[in-house]
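> Dropping the structure in here first, questions after.
The values are calculated or read from the model by the stated rules, or taken from the named source; none is laboratory data. Keep in mind the model is a prediction, meaning the values are calculated, not measured. In this analysis, Cβ positions are derived from the backbone assuming ideal geometry, glycine residues included, and neighbour counts consider all displayed protein chains.
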Amino acid sequence: MNSIHLLPDLVANQIAAGEVIQRPASAVKELLENAIDADASKIQLIIKDAGRTLIQVVDNGKGMNFTDARMCFERHATSKISTADDLYHLKTKGFRGEALASIAAIAQVELKTKREDEETGTLIITEGFQIKEHTPTVTQNGTSIAVKNLFYNVPARRNFLKSDAIELGHIEEELNRLSLIHCEVEFSFFHNGKLIQQLPSSNQKQRIINVFGAHFKDKLFPVELNTETIKISGFIAKPENAKKKKNEQYLFVNQRFVKHYLLTHAIESTYKELIPEGHKPAFFIEITVPPSTIDVNISPTKIDIKFQDDRMIYAFLNAAVKKTLGAHSLIPQIDFNYNPQYDFDKIKPKSDVKPPTLTLNPNYTPYNSKSEKKISSSDSWEQFLSGLKKETIQVQSNESYNIKFSAEKKEDEVVIDENQLKCLVFNDAYLVFVWKEALHILDLFAARERILFEHFLHALEHTPVVIQQSMFPETITLPASSVEIINDILPELRALGYDLEQIDRTSFAVNGTPIEEDNSGVQQVIEQFVEMYKTHQFLHKTDKNSAIAKSLAKQKIHSKLQIISEIEQQAFIKQWLQCHTPHISPSGRKVSKQFTSKDIIKFFE
Ligand code: ADP
Ligand code: MG
C-alpha cells in the first residue's frame, strides 16, 4: 500500500500560515502591504482585542474584480509576478501569493472589494478555507478585508499569544515600519473603537515626528547620497537621542523594512563613543538599489535580505552617515575618515558593479566646495571619501601642554588663530571660548579624559610613547591579584611609556617612564591604573587596548592640570579639537555644550 499522499489544501495552508502568520501583527503586516501594493493613498487599520477578534484593513486602492476576489485566497495566487525572472525586478511588497491563503486557513475572513471601473463590488466570506459566500455587493472603491477570530481553529497558536499590550505593541511596530517609508499614504489606526493614531500624508521628517513625537523635532539630521548604483536618504538622530533599546532603528531597502546586522553596524559604528556604551542611535534610512542586486526571497516574512555586494553598500552607508554627523557636529571631526574597524581605502566596488557616480550636495558638509559637485568614474571613491576628510583650519600652533600626539597624527593638526580665540576658565572646571561663531563650554575633566584616552589609544595602536630609561630603577610592589594582570599587559604598558620588569613574586623594577613623567609617582599610577582596569574589564567587555587607554586616562585626570595662560588654554582646545570623538568622554560624560547666536537669541525672546 502506498503511504505518500498530498495534504488537503486546508492543512497545507495551515502549515504555510505557521511561517507567514505568527501573531496578529503578521496578518496586519500582510494586509497593509497588500493595500500599499494596490496603490492606496488612504488606509485604515481597525483592530479589536489586540487583533484576537478583529483585524480589518480598509483601503482606497485599485480593488479586485469578481473573479480575482475569489482567486486571491488560492495558494500561490498573485497578480504581482508571473515568471521567476520577475523576482529580480520586484517593485511590490508581496509576490509569493500566500498571505491571504494562509490567513483564510486560520480565520474567518470577510472581503469587500470594488474596482473603480466597475459598477458593483464583490463580497466574499470564508471560514476555515471554505468559501461561504461569493456575491456581488454594493461597496466603495477599494478593498476592505476583515479577519475575524484569528487562530480560531489553531488553539495552540491562540494560546501562544501574549498579553494584549504586547500584541498591540507588535501591531503598532508593523504600522510604523510601513508608515515611515510610505509617508505619502494617509494612515489611521483604531483600537476597540478608539482612534490611536492619525498620520496625514506628509514628508518623511514630519512623518517621523508624527509617529514618535515632537521630541524629534530639532534632532534629526538628513542623510543623503546619490550614485548610479545606490541612493541613500533619510534621517539620523542626534547622538543624545540614543536610547538603551533599539526600537527607533529603521532601515529600508527598496521601500521594504529589513533587518540587516552589517548595515546596522555601518550606521552604529559611526556613533561609537559619541554615545554611552550600550546605547543605540535612532535612524530612519532608506537605501535604494537596482532590484536585480538584492534577494528578498530568503524568508517568508521577507524581512531578511541578501545583497550582491554588501561590502560596497556598507562603505557607502557608513560614509554617508559619517558625512552627516561631521556636517552637523559641534566642531569638525579632524580625522573623520579614520575608523580602526573598517578600512575604507581597502573597499572597492566589485569589478562587476559599475563604478559609482556621486552627486554630492555640499550643503550637508562644511568640507566640500560651495557648488554642487558631480564626480564620476573610478576615482570617485577617493574623491568622495576625501570630501569627508579632515578640515584643516589655518594658522599656527603652540604646544605647551605635555600630552603630545605622535608625528603621524600631527598632519591633521588643527591650527587655531590665537587672535580669534578668546578663552576663560570658569570655576576651575570649565573652559569657555568663542569659536566658529558659537560659544562653547568645555568640561575640563571630561575633555581631558577624552584627550588622554585618544592619546593613549594612539600610542597603543600606532606610535608608542617615547620612554625615558632610568639609571636607577625604582621598585614598585603590587597586590598579588594585580601581578598576573600586569604581566598580561606588559607590552601595552611599554607602549604607554612604562617599562616594567618583574623581579620577584609581587615586585617590579621600573626601568623607564614616559618622557614627561619622573618615576617617583609610578607606584601610585600603576596601582590605581590596575584597579581601574580590573573594574573596567569586569563591567564592560571592551577590547583590551581601549580598556587600558580608558583606565589610564581615568587615573591621569586626577593629576594637576596646568592651563593658566592663554597659550595653555589654546593648546588644550587644540588637543581637544584633534580628537576623533570630542563630544563625549570615554566614560560617557558630555564634554561640551555649544550655543550658537540663534540659540542665544531664542533664549532671550
Ligand atoms: P501577494 O501579495 O504575495 O501577491 P496575497 O495573498 O497577499 O499575495 O494577495 C494575493 C493577491 O490578491 C494579490 O496579488 C493581489 O492581486 C490581490 N489583493 C490582495 N489584497 C488586495 C488589496 N487590498 N487590493 C487589491 N488587490 C489585493
Ligand atoms: Mg500580499
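> Working only within segment 446-469, note down all residues that are under 11 Å from LEU496 (Cα atoms) and of a type in the set (Val, Ile, Thr).
Residues satisfying the conditions are THR463, VAL465, VAL466, ILE467.
> Would a scan of segment 592-599 turn up a residue that is in contact (Cβ under 8 Å) with a residue 24 or more places away in the chain, at negative phi and in a helix (DSSP H, G or I)?
Yes; the residues of segment 592-599 include at least one that is in contact (Cβ under 8 Å) with a residue 24 or more places away in the chain, at negative phi and in a helix (DSSP H, G or I).
> A further question on this structure: Out of the residues in segment 33-50 that are within 11 Å of ligand 1 (Cβ to nearest atom) and not in a loop (DSSP other than H, G, I, E, B), state the one that is surrounded by the most Cβ atoms within 10 Å (Cβ to Cβ).
ALA35
> Let me ask you something else. So is LEU32 under 21 Å from ASN149 (Cα atoms) and in contact with a Leu (Cβ under 6 Å, 6 or more places away or on another chain) or not?
Yes.
> Which one of ILE485, ILE467, ILE573, ILE503 is at pLDDT 80 or above and crowded, with 20+ Cβ neighbours inside 10 Å?
Just a single option satisfies the conditions, and that option is ILE573.
> I'd like to verify a number: residues in segment 69-99 that are near ligand 1 (Cβ under 6 Å from one of its atoms) and either in contact with a strand residue (DSSP E or B) (Cβ under 7 Å, 6 or more places away or on another chain) or assigned to a helix (DSSP H, G or I) (or both), how many?
1
> Exactly one of (1) more than 8 Å from ligand 1 (Cβ to nearest atom); (2) surrounded by fewer than 19 Cβ atoms within 10 Å (Cβ to Cβ) is unmet by ALA107. Its number?
For ALA107, the exception is condition (2).
> Where residues in segment 576-594 are out of contact with any helix residue (DSSP H, G or I) (no Cβ under 8 Å at 6 or more places or on another chain) and surrounded by 14 or more Cβ atoms within 10 Å (Cβ to Cβ), which of them is farthest from ILE451 (Cα to Cα)?
My answer is GLN594.
> Please go through segment 225-264 and give me each residue that is in a helix (DSSP H, G or I) and either in contact (Cβ under 8 Å) with a residue 40 or more places away in the chain or surrounded by fewer than 15 Cβ atoms within 10 Å (Cβ to Cβ) (or both), ordered by number.
PRO239, GLU240, ASN241, TYR261, LEU262, LEU263
> Then there is this: Residues of segment 231-245 being touching a Ser or Thr at 6+ places or on another chain (Cβ under 7 Å) and either under 23 Å from GLU173 (Cα atoms) or not charged (D, E, K, R) (or both), which ones?
Matches in segment 231-245: ILE236 only.
> Further question on the same structure: Given THR92, THR83, THR122, which one is under 23 Å from GLU173 (Cα atoms) and either more than 16 Å from ligand 2 (Cβ to nearest atom) or surrounded by fewer than 23 Cβ atoms within 10 Å (Cβ to Cβ) (or both)?
Being under 23 Å from GLU173 (Cα atoms) and either more than 16 Å from ligand 2 (Cβ to nearest atom) or surrounded by fewer than 23 Cβ atoms within 10 Å (Cβ to Cβ) (or both) holds for just one of THR92, THR83, THR122, which is THR92.
> Here is a further query. Name the one entry in PRO239, PRO200 that is at pLDDT 95 or above and touching a strand residue (DSSP E or B) at 6+ places or on another chain (Cβ under 7 Å).
Unique residue meeting the criteria: PRO200.
> A follow-up question, please. Select from segment 191-209 the residues that are in a helix (DSSP H, G or I) and either surrounded by fewer than 18 Cβ atoms within 10 Å (Cβ to Cβ) or without any contact (Cβ under 8 Å) to a residue 12 or more places away in the chain (or both) and list them in ascending order.
If the condition is that a residue be in a helix (DSSP H, G or I) and either surrounded by fewer than 18 Cβ atoms within 10 Å (Cβ to Cβ) or without any contact (Cβ under 8 Å) to a residue 12 or more places away in the chain (or both), then LYS205, GLN206, ILE209 are the ones that fit.
> Which numbered condition trips up ASP9, out of (1) within 12 Å of ligand 2 (Cβ to nearest atom); (2) under 30 Å from ALA156 (Cα atoms); (3) among the charged types (D, E, K, R)?
(1)
> I would also like to ask the following. Which residue pairs have Cβ atoms closer than 8 Å, lie 6 or more positions apart in sequence or on different chains, and pair a first residue in segment 60-81 that is closer than 21 Å to LYS132 by Cα and aromatic (Phe, Trp, Tyr) with a second residue that is within 8 Å of ligand 1 (Cβ to nearest atom) and not in a loop (DSSP other than H, G, I, E, B)?
Once the first residue is closer than 21 Å to LYS132 by Cα and aromatic (Phe, Trp, Tyr) and sits in segment 60-81, its partners that are within 8 Å of ligand 1 (Cβ to nearest atom) and not in a loop (DSSP other than H, G, I, E, B) give PHE73/LEU100; PHE73/ALA101.
> If only one of ALA156, ALA165 is without any contact (Cβ under 8 Å) to a residue 24 or more places away in the chain and either more than 25 Å from the chain's Cα centre (by Cα) or on the phi > 0 side of the Ramachandran plot (or both), which one is it?
ALA156
> Name the pairs whose Cβ atoms lie under 9 Å apart, with the first residue in segment 110-128 and assigned to a strand (DSSP E or B), the second within 16 Å of ligand 2 (Cβ to nearest atom) and of a type in the set (Asp, Glu), and 6 or more positions between them or separate chains?
That search, which allows pairs on different chains as well, returns THR113/ASP68; THR122/ASP68.
> Here's something else I'd like to know. So the check is Cβ under 7 Å with 6+ separation or different chains; which pairs have a first residue in segment 30-41 that's more than 8 Å from ligand 2 (Cβ to nearest atom) and a second one that's among the small types (Gly, Ala, Ser)?
Taking only residues 6 or more apart or on different chains, the pairs are ALA35/GLY61; ALA38/GLY61; ASP39/GLY61; ALA40/GLY61; ALA40/GLY142.
> Scanning for something at pLDDT 95 or above, in a loop (DSSP other than H, G, I, E, B) and near ligand 1 (Cβ under 9 Å from one of its atoms), does segment 13-32 turn up at least one residue?
There is no residue in segment 13-32 that is at pLDDT 95 or above, in a loop (DSSP other than H, G, I, E, B) and near ligand 1 (Cβ under 9 Å from one of its atoms).
> I need a count of the residues in segment 138-158 that are surrounded by 14 or more Cβ atoms within 10 Å (Cβ to Cβ) and either aliphatic (A, V, I, L, M) or in contact with a strand residue (DSSP E or B) (Cβ under 6 Å, 6 or more places away or on another chain) (or both).
Of the residues in that region, 12 qualify.
> Taking the stated definitions as given, is LEU444 farther than 18 Å from TYR533 by Cβ and in contact (Cβ under 8 Å) with a residue 40 or more places away in the chain?
It is true that LEU444 is farther than 18 Å from TYR533 by Cβ and in contact (Cβ under 8 Å) with a residue 40 or more places away in the chain.
> One residue is enough: does segment 504-523 have a residue meeting the conditions of a type in the set (Val, Ile, Thr), part of a helix (DSSP H, G or I) and touching a Cys at 6+ places or on another chain (Cβ under 8 Å)?
no
> So how many residues does segment 51-68 have that are more than 7 Å from ligand 1 (Cβ to nearest atom) and not hydrophobic (A, V, I, L, M, F, W, C)?
Adding up the residues that qualify gives 7.
> Is one or more of the residues making up segment 537-560 polar (S, T, N, Q) and more than 40 Å from the chain's Cα centre (by Cα)?
Within segment 537-560, not a single residue is polar (S, T, N, Q) and more than 40 Å from the chain's Cα centre (by Cα).
Matching residues to (1) under 23 Å from THR301 (Cα atoms); (2) within 16 Å of ligand 2 (Cβ to nearest atom); (3) out of contact with any Ser or Thr (no Cβ under 8 Å at 6 or more places or on another chain):
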| position | (1), (2), (3) |
| --- | --- |
| TYR88 | yes, no, no |
| SER102 | yes, yes, yes |
| ALA107 | yes, yes, yes |
| GLU116 | no, no, yes |
| LYS132 | no, no, no |
| THR135 | no, no, no |
| VAL138 | no, no, no |
| ASN159 | yes, no, yes |
| ASP164 | yes, no, yes |
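> Provide a single number: the residues in segment 429-484 that are assigned to a helix (DSSP H, G or I) and among the charged types (D, E, K, R).
6
> Could I ask something else about it? Quickly run through segment 56-68 and pick out the residues that are in a strand (DSSP E or B), within 13 Å of ligand 2 (Cβ to nearest atom) and closer than 26 Å to LEU10 by Cβ.
Scanning segment 56-68 gives a single hit, VAL57.
> Would you mind stating whether THR53 is more than 22 Å from SER299 (Cβ to Cβ) and either surrounded by fewer than 17 Cβ atoms within 10 Å (Cβ to Cβ) or within 11 Å of ligand 2 (Cβ to nearest atom) (or both)?
yes
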